[in-house]
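S.K.: The structure that follows is given in the form of structure tokens.
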Amino acid sequence: MSQKALFNWSSGKDSALALYKILQNPDYKIEYLLTSVNQQYQRISMHGVRVELLQAQAESIGIPLKIMEIPEMPTMEVYENVMMETLTELKNEGIKYSVFGDIFLEDLRLYREKQLEKIGFKGVFPIWKVSTKDLIWEFISLGFKTIVVCVNEKYLGKSFVGRIIDEDFINDLPENVDVCGENGEFHTFAFDGPIFSKPIDFEIGEIVYRKYEKPESQDSSNTACDTNDKSAFDFGFWYCDLIKK
């Protein structure tokens, strides 16, 4: 019998491919797509994609969407409390598995598994430890299409944001950038492919630059949006706004 599961949906390519894989696995039945949204801006956390486009994705995929609203730059405590409240609610519906599109970040997987264990959930990682080069070519060959919506200026320049990921994009990436952006180099929005009943229709809006300020009363390792890297706040991000048609 299939186990009830939720899928942690970021709206990007890794999520899309991982969802494609898990939907073919008879051991699990995906009940919800769960996405963190910035409460203030009503955009997907880190990706900057508007909620209307997220909703359009869920509608095309055919799986109910559950939005988890998170404050701007939340502390780990705030983020974890919201997550635990959400998971508790879903556990009451018989859901015990949480699926992720993570590929090779060991610390992140360990963190997720420890948090899930607290509430009796288990993590599932359909594309874990698969070569990112293999993954990106499989993604493209399956007919998926995705656009870069955010780049970290530490790794990539403005010219990379707003581009469709194809062979030219992959060839243009610097050697120090993972082809799937697994280290946070870039984020994407998947708009077509085998999991969608119809493509997501959008137009490209303005490209904006944003730099996050380091919180004054806490170190960066205590924020749910960032990292232990001391230079994390030295770099900004280029965002490409997408507008639903």
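S.K.: Step by step: first the residues of region 52-79, then only those that are part of a loop (DSSP other than H, G, I, E, B), in contact (Cβ under 8 Å) with a residue 40 or more places away in the chain and within 22 Å of Leu242 (Cβ to Cβ), then the one that is least open to solvent (accessible area, probe 1.4 Å). Which residue is that? Explain how you work it out, then say what you get.
M.R.: From region 52-79, those part of a loop (DSSP other than H, G, I, E, B) are 62-64, 71-74; that's our starting set.
After this cut, where a residue has to be in contact (Cβ under 8 Å) with a residue 40 or more places away in the chain as well, the list is 62-63, 73-74.
If we keep only those that are within 22 Å of Leu242 (Cβ to Cβ) as well, we get 62-63.
Details: Gly62: 61, Ile63: 19 Å².
Here the residue is Ile63.
S.K.: Return the total of residues in region 1-33 being open to solvent by less than 10 Å² (accessible area, probe 1.4 Å) and farther than 21 Å from Thr132 by Cα.
M.R.: Total satisfying the criteria: 3.
S.K.: Would you check which residues across region 153-191 are open to solvent by 70 Å² or more (accessible area, probe 1.4 Å) and touching a helix residue (DSSP H, G or I) at 6+ places or on another chain (Cβ under 9 Å) and list them?
M.R.: Once the filter is applied, which keeps residues that are open to solvent by 70 Å² or more (accessible area, probe 1.4 Å) and touching a helix residue (DSSP H, G or I) at 6+ places or on another chain (Cβ under 9 Å), region 153-191 yields Lys154, Ser159, Glu167, Asp172.
S.K.: Of the residues that sit in region 112-139 and are in a helix (DSSP H, G or I), under 29 Å from Cys240 (Cβ atoms) and out of contact with any strand residue (DSSP E or B) (no Cβ under 9 Å at 6 or more places or on another chain), which one is most open to solvent (accessible area, probe 1.4 Å)?
M.R.: Going through region 112-139, the residues in a helix (DSSP H, G or I) turn out to be 112-118, 132-139.
Keeping just the survivors that are under 29 Å from Cys240 (Cβ atoms) gives 112, 132-139.
Now restrict to residues that are out of contact with any strand residue (DSSP E or B) (no Cβ under 9 Å at 6 or more places or on another chain): 132-138.
On the way: Thr132: 18, Lys133: 133, Asp134: 95, Leu135: 5, Ile136: 3, Trp137: 110, Glu138: 55 Å².
The extreme case among them is Lys133.
S.K.: Filter region 34-51 for residues that are in a loop (DSSP other than H, G, I, E, B) and touching a residue at least 40 places away in the same chain (Cβ under 8 Å); which is surrounded by the most Cβ atoms within 10 Å (Cβ to Cβ)?
M.R.: Kept after step one, since they are in a loop (DSSP other than H, G, I, E, B), are these residues of region 34-51: 39-42, 45-49.
Now restrict to residues that are touching a residue at least 40 places away in the same chain (Cβ under 8 Å): 45-49.
Numbers: Ser45: 22, Met46: 19, His47: 23, Gly48: 21, Val49: 29.
Taking the candidates together, the pick is Val49.
S.K.: OK, next. Under 22 Å from Ile243 (Cα atoms), under 18 Å from the mean Cα position of the chain (by Cα), of a type outside the set (S, T, N, Q) and open to solvent by 60 Å² or more (accessible area, probe 1.4 Å): is that true of Glu106 in this structure? Please lay out each step first, then the result.
M.R.: On the way: under 22 Å from Ile243 (Cα atoms): no; under 18 Å from the mean Cα position of the chain (by Cα): yes; of a type outside the set (S, T, N, Q): yes; open to solvent by 60 Å² or more (accessible area, probe 1.4 Å): yes.
So Glu106 fails the test.
The values are calculated or read from the model by the stated rules, or taken from the named source; none is laboratory data. Only a predicted model underlies this, so the values are computations on that prediction, with no experimental measurement involved. Neighbour counts are summed over all protein chains in view; Cβ atoms, including those assigned to glycine, are modelled from backbone coordinates with ideal geometry. Ligands, DNA and RNA are stripped out before the accessible areas are found, and what is left, the full protein with its side chains, is counted by its heavy atoms. Shrake-Rupley method; radii C 1.70, N 1.55, O 1.52, S 1.80 Å.
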